[in-house]
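The values are calculated or read from the model by the stated rules, or taken from the named source; none is laboratory data. Everything numeric in this text was worked out from a predicted model, so none of it was measured. We place every Cβ from the backbone using ideal geometry, glycine too, and count neighbours over all the protein chains shown. Heads up: the accessible areas ignore ligands, DNA and RNA and are worked out on the full protein's heavy atoms, side chains in. Shrake-Rupley method; radii C 1.70, N 1.55, O 1.52, S 1.80 Å.
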Amino acid sequence: MAVDFLTRAFSTSPPFESIAHLRTLVVCSAPVQQRKALALKVMREDLIMRIPHVLTVAGSDSGAGAGIQADLKACAARGVYCSTVITAVTAQNTVGIQGVCAVPEEFVAEQLKSVLSDMRVDVVKTGMLPSINIVKVICQSLKEFPVRALVVDPVMVSTSGDVLAGPSILDIFREELLPIADIVTPNLKEASALLGGVQLQTVDDMRSAAKSIHDIGPRHVLVKGGDLPASLDAVDVFFDGENFIELRSSRIKTWNTHGTGCTLASSIAAELAKGSPMLSAVEVAKRYVRTALDNSKDIVIGNGPHGPFDHLFKLKSNVQNPCSQWVFDPNDLFLYAVTDSGMNKKWGRSVTDAVKTAIQGGATIVQLREKDAKTGKFLEAAKACHNICRLHGVHLLINDRIDVALACDADGVHIGQSDMPVAVVRTLLGPEKIIGVSCKTPEQAQQAWVDGADYIGCGGVYPTNTKVNNLTVGLEGLKTVCLASKLPVVAIGGISVSNARSVMELGVPNLKGVAVVSAMFDTESILVETQKLHAVLMETRAVVK
Ligand SMILES: Cc1ncc(COP(=O)(O)OP(=O)(O)O)c(N)n1
Ligand SMILES: Cc1nc(C(=O)O)sc1CCOP(=O)(O)O
Ligand SMILES: [Mg+2]
């Protein structure tokens, strides 16, 4: 049925506008005598609500910071179902591991069969695997019951330094488990052990290790650099067999890091189960772990040096859609439309028409900046614009108003230096939402990165009438901020068709686009002016590249 449905879907013409529209088109395009049966099947599919499912195969941590318990909490937080196969029971707390009791491999096999033969598991994630035979049993079960993806966290040593799987396990990891893994996520010690004890001290070493581990057989490798000297940023190296991607973030200063490895791997599994591509899954999982750590700095549980953190921090604040999968791409900043209620009023347009036309003209991201709107009207407009943006695959951000962004489940917010602090906004919105911050200086840009923003808006590049008393930083100021920024930058302020080229020709790699208000919305034709801006940007992109 699924294949049949997809075949029809992709041969559907004209293009469908929504899944509901597509389903109707598919049913109507079937021969008359098949339509009723097809409609019933489609309705039944609509009614069956499948929840993405991760099976974790790992050890139990009695302290509940890591292992099976961390996996269950992470999956719950990320909105997927998690079943469990327990490979070992540990007596463990925040001080260390007091005892380990491995589960006999026959009983691991029995648990695997129970789950895999009955439930539709999307992704399997492995953690602590205390014996060679347990690894064999897992590989065998996965042959018998294939799943969509296998995430291997090659757990060997706990945060407290206790050994959870000895060197004898390495051969079977290399020979049987890694070759069937979709991603393996070693930390520096584990990567070194997998490669026979090579020294890993720099990011270049991590790249070589990622490549060598990839040669063993997994499709993707994430070498986690958390153990690099604490003075450096946190860097993980992702390798897909062709490209290396350094995933950098500032370090969160906290002792509560017990269980981060398990949580990251199960969060990656959760995103894969929802259908994310691998790099997006890794990025979202990293952001989730980072936000959880940031929200758990003050927790005190136990007397040991590394306490657990709060996976379910979101329960303390607003709950967002856990199944959203759409990750921010800095290139979305290319042509950034920022609305203005005064301008729409002047030209007699609704904000929804203005947004729709800007997107038709080539806007790649939209911000609702409705300074005069009352809250109720703003929310109404935001909901309507969000529907339009979703339909066109364009992110919608809300200027200043975190409450409105939450209420309409917008993709994020843009805030200024005197608005709510980024870290607080991040807690309110969660790890997946986009946060942009206005910055005029290198110091502000650095702080935005440390606080977990996604991009910065830098201006005014030129004088503007849209924002009163706005300081103009000029092209030089923009360049200085771009060079100091670890985040992508969008330029704003007085930018139009006549000067957009000069802005983009600064040629700084993290300057990703221009944000425009009046040159788009204070015009007779939003469509024509947006198209012109888009064309200029495309030309400069070709030249700068
Ligand atoms: C993309 C982008 N950059 C900068 C701003 C300005 O934000 P802020 O400093 O909060 O000023 P107001 O827009 O609230 O007047 C922006 N909105 N968008
Ligand atoms: C909203 C805003 N922020 C700025 C900043 O410098 O941070 S300049 C600005 C107004 C941009 O409007 P226009 O494209 O009409 O000049
Ligand atoms: Mg603001």
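Selection over segment 413-426 of residues that are away from ligand 2 (no atom under 16 Å from the Cβ) and under 21 Å from A382 (Cβ atoms) gives a count of 4.
Restricting segment 491-500 to residues that are near ligand 2 (Cβ under 10 Å from one of its atoms) and among the hydrophobic types (A, V, I, L, M, F, W, C), the residue that is nearest to Q531 (Cα to Cα) is I495. In segment 427-444, the residue that is nearest to Q367 (Cα to Cα) out of those that are in a helix (DSSP H, G or I) and either touching a strand residue (DSSP E or B) at 6+ places or on another chain (Cβ under 9 Å) or away from ligand 2 (no atom under 16 Å from the Cβ) (or both) is L429. The residue list D227, D240 contains one member that is closer than 21 Å to P308 by Cα and open to solvent by 40 Å² or more (accessible area, probe 1.4 Å), which is D227. Scanning segment 492-516 for residues that are open to solvent by 20 Å² or more (accessible area, probe 1.4 Å) and part of a loop (DSSP other than H, G, I, E, B) gives G494, S496, V497, S498, N499, E505, L506, G507, P509, N510. If you take the residues in segment 169-210 that are hydrophobic (A, V, I, L, M, F, W, C) and not in a helix (DSSP H, G or I), which one is nearest to the chain's Cα centre (by Cα)? Restricting to residues being hydrophobic (A, V, I, L, M, F, W, C) and not in a helix (DSSP H, G or I), the top hit is I183.
Restricting F313, F309, F334 to residues that are of a type in the set (A, V, I, L, M, F, W, C) and under 16 Å from K433 (Cβ atoms) narrows the list to F313. For G513, the conditions (1) under 24 Å from I359 (Cα atoms); (2) at pLDDT below 95 are fulfilled apart from (2).
As a summary of the residue check, V26 satisfies the conditions (1) open to solvent by less than 20 Å² (accessible area, probe 1.4 Å); (2) modelled with pLDDT of 95 or more; (3) part of a helix (DSSP H, G or I) except for the one numbered (2). For segment 447-504, what are the residues that are under 32 Å from the mean Cα position of the chain (by Cα), closer than 18 Å to A337 by Cβ and of a type in the set (V, I, T)? Passing the criteria: I456, V461, V489, V490, I492, I495, V503.
Of all residues in segment 274-283, those being aliphatic (A, V, I, L, M) and either open to solvent by less than 10 Å² (accessible area, probe 1.4 Å) or not in a helix (DSSP H, G or I) (or both) number 2.
Scanning segment 211-228 for residues that are outside any loop (DSSP other than H, G, I, E, B), closer than 25 Å to L55 by Cα and not β-branched (V, I, T) returns H214, H220, L222, K224. Could you list, in sequence order, all residues of segment 229-269 that are in a loop (DSSP other than H, G, I, E, B) and among the hydroxyl-bearing types (S, T, Y)? S231, S250, T254, T257 - these are the residues of segment 229-269 that are in a loop (DSSP other than H, G, I, E, B) and among the hydroxyl-bearing types (S, T, Y). Residues of segment 360-375 that are surrounded by fewer than 23 Cβ atoms within 10 Å (Cβ to Cβ) and closer than 14 Å to L527 by Cα: Q360, G361, G362, T364.
Scanning segment 291-300 for residues that are at pLDDT 90 or above and either more than 25 Å from L247 (Cβ to Cβ) or surrounded by fewer than 21 Cβ atoms within 10 Å (Cβ to Cβ) (or both) yields a total of 1. Listed conditions (1) at pLDDT below 95; (2) within 16 Å of ligand 2 (Cβ to nearest atom); (3) of a type in the set (D, E, K, R) are all met by R401, apart from (1). Name, by its number, the condition in (1) open to solvent by 20 Å² or more (accessible area, probe 1.4 Å); (2) touching a residue at least 60 places away in the same chain (Cβ under 8 Å); (3) not in a strand (DSSP E or B) that does not hold for F107. It is condition (2) that F107 fails. Among the residues of segment 445-488, those identified as open to solvent by less than 20 Å² (accessible area, probe 1.4 Å), closer than 16 Å to S502 by Cα and either assigned to a loop (DSSP other than H, G, I, E, B) or within 16 Å of ligand 3 (Cβ to nearest atom) (or both) are C458, G459, G460, V461.
Only residues in segment 249-272 that are under 14 Å from L222 (Cβ atoms) and assigned by TED's automatic domain parsing to the domain that holds A149 count as the first member; pair them with residues that are assigned to a loop (DSSP other than H, G, I, E, B) and basic (K, R), Cβ under 6 angstrom, at least 6 apart or cross-chain, and list the lot. What qualifies is S267/R78. Taken together, the residues in segment 376-413 that are within 19 Å of A354 (Cα to Cα), within 13 Å of ligand 3 (Cβ to nearest atom) and open to solvent by 10 Å² or more (accessible area, probe 1.4 Å) amount to 1.
From the residues in segment 420-444 that are at pLDDT 95 or above and either out of contact with any helix residue (DSSP H, G or I) (no Cβ under 9 Å at 6 or more places or on another chain) or open to solvent by 40 Å² or more (accessible area, probe 1.4 Å) (or both), which one is farthest from ligand 3 (Cβ to nearest atom)? So, considering only residues that are at pLDDT 95 or above and either out of contact with any helix residue (DSSP H, G or I) (no Cβ under 9 Å at 6 or more places or on another chain) or open to solvent by 40 Å² or more (accessible area, probe 1.4 Å) (or both), the one farthest from ligand 3 (Cβ to nearest atom) is P442. Considering segment 517-544, and only residues there that are part of a loop (DSSP other than H, G, I, E, B) and in contact with an Asp or Glu (Cβ under 6 Å, 6 or more places away or on another chain), the residue that is farthest from ligand 3 (Cβ to nearest atom) turns out to be T523.
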